[in-house]
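A short worksheet on the structure shown next.
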Amino acid sequence: MLPSQEASKIYHDNYMRNSRAIGVLWAIFTICLSIINVVVFIQPYWIGDSVNTPQAGYFGLFHYCVGNGNSNRELLCQGSFSDFSSIPSGAFKAASFFVLMSMVLILSCIGCFALFFFCNTATVYKTCAWMQLLCAVCLVLGCMIFPNGWDAEVIRDMCGEDTGKYTLGNCSVRWAYILAIIGILDALILSFLAFVLGNRQSDFLQEELKSDNKDFAVSRIEIRDTKDPRFGVQRFH
C-alpha cells in the first residue's frame with residue numbers, strides 16, 4: 001500500500017468513527033426533540049392560574065380547563081383540535097397549526113433516518129437539517145402568536161381585567177410554554193449540527209475521490225516504469 005493510501009485510510013477510519021459518534025448523538029437528540037414537540041402540542045399547560053387569580057384553570061394550545069369561581073375549584077375542560085370552533089381564540093388556532101406543523105416536520109425527519117441505508121449520507125443530513133430549521137421556525141411562530149390570544153374573554157375571566165394581548169395579568173406561564181422555547185433552541189442547534197455533518201461528508205467524499213485519482217495515477221506511472229525502464233521515469237516509494 002502506498003504511503004498516501006495508508007494515510008488516507010487512517011484518516012478515513014478516524015473520521016468515520018468520530019462522524020458516527022456525533023451522528024448517533026444528533027439522532028438521539030432529534031428523537032428527544034420530537035418527544036418535546038409532541039408533549040408541547042398535547043399538554044394544556046402553556047399558561048395557568050396563580051394565587052391571585054379569581055378562578056382556577058390552565059390553557060394549552062387548544063385544550064383548556066377553567067373553574068367556576070367556587071371554593072371547591074372544580075374545573076370544566078373544553079377545547080379540541082378536531083373542533084376548531086371550541087378553541088377560544090383565533091391566535092390559539094394559528095399557534096396550534098404551527099406547532100402541529102413543527103411536530104409533523106420533526107417526525108418526518110425521524111422517518112428520514114431510514115434513508116441513510118439507501119441514499120447519500122450528506123444529502124440525508126442536509127434534508128433533515130432543513131426540516132429541523134423549519135421545525136424551529138414553526139415553533140417560533142407558535143410561541144409568538146399564542147400570547148396574541150390572551151385577550152380572549154375566557155382568559156380574562158380567569159386571569160383578571162388586566163389581561164390583554166401579550167399581557168398575562170394575574171396568571172403565569174406554565175412549563176409547556178417554557179418547554180416549547182427549549183424546543184426552539186434544540187431544533188436550531190440540531191439543524192446547525194446536521195448542516196455541518198452534511199457539508200463535512202460532502203467535503204470528505206471529494207477529498208477521498210481526489211486522493212483515489214492521485215494514487216491511481218501514481219500506480220500507473222510505477223507500472224509503466226517497471227515494464228519499460230527506457231522511459232526513465234523515477235519511481236515513487
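The values are calculated or read from the model by the stated rules, or taken from the named source; none is laboratory data. Everything numeric here is computed off the predicted structure, so don't read it as measured data. Quick reminder, even Gly has a Cβ in these numbers, built from the backbone with ideal geometry, and neighbours come from all protein chains shown. Note: accessible area is taken over every heavy atom of the protein model, side chains too, but ligands, DNA and RNA are not part of it. Shrake-Rupley method; radii C 1.70, N 1.55, O 1.52, S 1.80 Å.
See the values below:
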| quantity | calculated |
| --- | --- |
| Distance between modelled label sites at A114 and F192, nm, 7 Å Cα→Cβ extension | 3.2 nm |
| Gain on full stretching of the segment that runs from R200 to L25 - 0.36 nm per residue minus C-alpha separation | 61.4 nm |
| Peptides ranked, highest mean first, by Cβ atoms within 10 Å: ranges 34-40, 92-98 | 92-98, 34-40 |
| Pairwise label distance in nanometres, I178 with C77, each label 7 Å out on the Cα-Cβ vector | 2.3 nm |
| Y177, Y45, reordered so the largest accessible area comes first (probe 1.4 Å) | Y45, Y177 |
| Trypsin sites (Lys or Arg not before Pro) lying in DSSP loop within region 146-200, provided at most 16 other Cβ fall within 10 Å | K165 |
